[in-house]
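J.: Starting off with a structure, shown below.
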Amino acid sequence: MLRTSLLYLSRQQRVFDFIKNVGFARKMASRFVAGETIETALDAVAALNAKGITASLDLLGESVHSEAEARETGRQYLLLLDRIAARKIDANVSVKLTALGQDISDKLGVDVVRQVLERAKQYSSFVRLDMESSAYTDRTLDTFESALYPDFRDNVGIVLQSSLRRTLDDIERANRLQCRVRICKGAYLEAPDIAFPDKADVDRNYVEAMHRLMSHGRYPGIATHDEIIIAEAKRYAKAQGIANDRFEFQMLYGVRRDLQEQLVADGYRMRVYVPFGTQWYPYLMRRLAERPANIAFMTGNIVKEAFGGGSTARPDARTGAH
């Protein structure tokens, strides 16, 4: 019920209009979002790079409502790729097809994302197509396979979610293509006939998908903060003779920073997903839905700020899983 409520609130613009002016809410968001501009995001990535951590930058925002908005988002990604190259930052980018016009027309979405991919190819960089709710899974995978991957095999990859019942079939499809996949658990609320309602089943599906990607895929991104799953990835790699440079761990900006640094120290590759932009509220709500321990931290401090008083302790950095 709580997760459902938070996901509902993530879609309420009027709530965002109120909360974006609450100082502590913005401070809370800054834990998970690297500012509102390209330069603040690049500064955050430079700090990660100094610790041996790479990044994937995401300009926050989902479905746009006009061709002009879609093309402007595309231009922002072109600028982002230019600035990454100019500053010699070790980062790639993540995009949502809906932010590039997919909901207006598939043709528009393809046109805009191909412009982004052309720029990425120019810099020998990489673009990850973020996966949204299950309503977009077929459209995203079909677009990827037919309109993007043939021309940009080294520059584009996809995301698959272990919460979806279909995902092992999609893993096999991806492995046949030898395309790059990020496997994550999934942040969207889905019907039980589409997604596993029980966490144990989501985790079991994740581990099986991870094994298949590690053995037969092309440089998978293992996106999780779950220490049990991370330990299993390490065990499986050792048992199968899979070198550390054949996969990478991925985590969210501001989540399990201790574990990020420890994995790097242990000789593993680590990439952090770094979101930025003015549309931080929906992203923050989804993170809170995944990490309920942070809710009391956030709401308690908003109340204290409204009525006076100090702040509480920082949120538990050891809870939650991506």
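J.: Tell me which helices (runs of 4 or more DSSP H) are completely within the stretch 226-301 and hold 3 or more residues being farther than 23 Å from residue 54 by Cβ and at pLDDT 95 or above, or say none if there are none.
T.: Passing ranges, in order: 227-240.
J.: When you look at residue 99, is it of a type in the set (Gly, Ala, Ser) and closer than 27 Å to residue 200 by Cα, yes or no?
T.: Criteria not met by residue 99.
J.: Of the conditions (1) farther than 24 Å from residue 222 by Cβ; (2) among the hydroxyl-bearing types (Ser, Thr, Tyr); (3) at pLDDT 95 or above, residue 56 satisfies every one except a single condition; which number is it?
T.: (1)
J.: Any residue in the stretch 245-262 that's farther than 20 Å from residue 275 by Cβ: show its pairings with residues that are at pLDDT 95 or above and in a helix (DSSP H, G or I) at Cβ separation under 6 Å, as long as the two are six or more apart or on different chains.
T.: 247/214
J.: Taking the condition of being in a helix (DSSP H, G or I), closer than 16 Å to residue 179 by Cβ and of a type outside the set (S, T, N, Q), how many residues in the stretch 211-225 meet it?
T.: Qualifying residue count, the stretch 211-225: 4.
J.: Before we move on, is residue 141 under 19 Å from the mean Cα position of the chain (by Cα) and modelled with pLDDT of 95 or more?
T.: Criteria met by residue 141.
J.: Only one residue in 233, 209, 237 is closer than 15 Å to residue 270 by Cβ and either within 21 Å of the chain's Cα centre (by Cα) or not hydrophobic (A, V, I, L, M, F, W, C) (or both). Which one?
T.: When all the criteria are applied, what remains is 233.
J.: Next question. So which residues in the stretch 165-179 are free of Cβ contacts under 8 Å to residues at least 40 places away in the same chain, among the hydrophobic types (A, V, I, L, M, F, W, C) and under 23 Å from residue 251 (Cβ atoms)?
T.: 179
J.: Still on this model: Residue by residue through the stretch 233-254, note down the ones that are within 13 Å of residue 183 (Cβ to Cβ) and of a type in the set (Asp, Glu).
T.: Across the stretch 233-254, the qualifying residue is only 248.
J.: In addition: From the residues in the stretch 23-35 that are over 17 Å from residue 252 (Cα atoms) and surrounded by 15 or more Cβ atoms within 10 Å (Cβ to Cβ), which one is modelled with the lowest pLDDT?
T.: The qualifying residue modelled with the lowest pLDDT is 24.
The values are calculated or read from the model by the stated rules, or taken from the named source; none is laboratory data. Quick caveat: nothing in here was measured; it's all calculated off a predicted structure. Neighbour counts are summed over all protein chains in view; Cβ atoms, including those assigned to glycine, are modelled from backbone coordinates with ideal geometry.
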